[in-house]
1. To the nearest 10 degrees, how steep is helix 148-167 against the longest Cα principal axis of the chain, on a 0 to 90 scale?
2. Report the residue, chosen from PRO29, PRO101, PRO62, that carries the largest GNM mean-square fluctuation when the chain is represented by alpha-carbon nodes joined by springs under 10 Å.
3. Farthest toward the dipole's positive end in the chain, which of HIS60, PRO29, PHE153, given Cβ charges of +1 (Lys, Arg) and -1 (Asp, Glu) about the Cα centre?
4. Starting from the stretch 130-205, pick out the trypsin sites (Lys or Arg not before Pro) whose DSSP state is loop and whose Cβ has at most 13 other Cβ atoms within 10 Å.
5. What net charge do the residues around ILE94 carry, taking every other residue with its C-beta under 9 Å from that of ILE94, with Lys and Arg at +1 and Asp and Glu at -1?
6. Can you sort THR75, THR186 from fewest to most other Cβ atoms within 10 Å of each residue's own Cβ?
7. Write out the trypsin sites (Lys or Arg not before Pro) in the stretch 77-134 meeting two conditions: DSSP loop, and at most 16 other Cβ atoms within 10 Å of their Cβ.
8. What residue among LEU154, LEU120, LEU46 has the largest mean-square fluctuation in a Gaussian network model of the chain, using Cα springs under 10 Å?
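Read-outs: derived from the displayed coordinates by stated rules, not from any lab. Computed from a predicted model, the values in this text were never measured in an experiment. All Cβ positions, glycine included, derive from the backbone under ideal geometry; neighbour counts span all protein chains shown.
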Amino acid sequence: MSEETKKEIGVAGVAFESRFKAYVDYQSPETDQVSRERDAIQLFSLAMVKVLFLLGENKHAPMLLGFIQTAMGDTVTPKGLKRPTIMAEGQSLIEVLPEKPEKLMVLRLIQEPEGRLGELTLPIGDEGHFYPATVIYFFQYLIRTLSEPSLFFLMLVLGGVMEYYEKIGKTNDIKALIDAPVYGFTTAVRYIEDERRRNPPPAAN
């Protein structure tokens, strides 16, 4: 496919200063906050399912899924939406881009004529640590920076992705690379639309 038919919508960088410290940034030409945040959510979902696929059938894939589910439960609580620290003890997000990162993971959201896809540049070497860690650090970044409505939408999307893996496909199924994120977004949008029908806004006087 020619480069002219591809457009970069957004790009996230996860720069590891060390195994347990990373700097995360998301850049996009989109100026509308809601659209920008939805794009970041889409990139995260695409990156997550791609990493799960790359991890294959080893123990790291179910461990990452379990970690994400726990983080979701810590975010959507009976007392409302929270912004928890989901990283393990010793892990931290740093505020400054390292001059010489140990690893630099780049996640791109690409618009093509037939749809969007996530392109991941993930250097090799200790994939069992750095691939899941990339997802975790990006997830932590979104939990801290998304607006509250977008954070809730992210949780809905992830809930849909988890449902897909429970009922339809597996993490090592190549179809899941597209189908799981689509299912997640469809589930989230349907939930919001159903809530709006049940609780319509009051009519203007």
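1. Helix 148-167 and the main axis of the chain meet at about 80 degrees.
2. PRO29
3. PHE153
4. Those satisfying the criteria are LYS175.
5. Around ILE94, the charge tally is -1.
6. Placing the least packed residue first, the sequence is THR186, THR75.
7. LYS79, LYS82
8. Looking only at LEU154, LEU120, LEU46, the largest GNM fluctuation is found for LEU120.
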